[in-house]
Amino acid sequence: MTEQPDPSPTRRANGVVLDDTAKRIIEVLQEDGRRSYAAIGKAVGLSEAAVRQRVQRLLEAGVVQVVGVTDPMMLGFSRQAMIGVRTTGDLNAAADAVSEVEGVEYVVITAGSFDLLVEVVAEDDPKLLDILANIRAIDTVAATETFLYLKLRKQTYAWGTR
């Protein structure tokens with residue numbers, strides 16, 4: 001199998017070019033990140049070596065990550081929460097400071113009533129309170145609102161490509 005250049009590559013804002021083959025590789029990995037290079041090659045019409053090269057380029061460019069996603073509850077983390085954060089001052093600096101807090105797993109800068117949304121995972125209520133105290137101790141954090149997760153109903157990463 002030989003790799004053919006795609007006649008219609010897509011340039012993303014970050015400068016990465018995704019042709020139809022790269023998009024298909026990403027979609028296959030979203031279905032099953034453990035799939036072998038040989039199996040991906042069969043699905044997209046490339047050799048195992050060509051797929052290995054392409055996946056490596058996608059990883060290095062930060063287009064994809066291949067990770068094992070766990071259910072924190074099954075691993076002894078009984079508290080998950082989303083925390084809405086209102087800030088003062090430099091929003092990027094606030095997001096960076098919040099990102100450094102132990103237990104913070106996800107930080108996004110948002111438009112809306114909160115400046116940041118912060119996902120945290122904690123072993124128990126005392127640990128969640130510690131995480132909240134550490135977030136609130138940041139000078140640029142003006143206010144927080146915590147939304148406790150009661151039950152995870154859906155978690156997927158298979159949104160495909162455009």
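The values are calculated or read from the model by the stated rules, or taken from the named source; none is laboratory data. Just so it is clear, the structure is predicted and the values come from calculations on it, not from any experiment. Neighbour counts are summed over all protein chains in view; Cβ atoms, including those assigned to glycine, are modelled from backbone coordinates with ideal geometry.
Miscellaneous remarks
- The residue of the stretch 41-99 that is nearest to L132 (Cα to Cα), among those that are touching a residue at least 40 places away in the same chain (Cβ under 8 Å) and of a type in the set (S, T, N, Q), is Q80.
- Evaluating D71 against the criteria (1) within 30 Å of V28 (Cβ to Cβ); (2) surrounded by 12 or more Cβ atoms within 10 Å (Cβ to Cβ) leaves one unmet condition, (2).
- Residue in the stretch 122-133 that is under 22 Å from the mean Cα position of the chain (by Cα) and either outside the structural domain of N92 (by TED's automatic domain parsing) or in a loop (DSSP other than H, G, I, E, B) (or both) present: yes
- Count of the stretch 134-159 residues which are more than 14 Å from F77 (Cβ to Cβ), part of a strand (DSSP E or B) and either within 22 Å of the chain's Cα centre (by Cα) or not polar (S, T, N, Q) (or both): 6
- Being of a type in the set (A, V, I, L, M), in contact with a helix residue (DSSP H, G or I) (Cβ under 9 Å, 6 or more places away or on another chain) and loosely packed, with under 13 Cβ neighbours inside 10 Å is a description that applies to V108.
- For the stretch 11-86, the helices (runs of 4 or more DSSP H) that sit wholly inside it and include 2 or more residues that are in contact with a Lys or Arg (Cβ under 8 Å, 6 or more places away or on another chain) are 20-31, 37-44.
- Meets criteria (modelled with pLDDT under 90, over 24 Å from L152 (Cα atoms) and either crowded, with 17+ Cβ neighbours inside 10 Å or of a type outside the set (S, T, Y) (or both)) for D6: yes
- Of the criteria (1) without any contact (Cβ under 8 Å) to a residue 40 or more places away in the chain; (2) of a type in the set (F, W, Y); (3) over 30 Å from I25 (Cα atoms), which one Y149 fails: (1)
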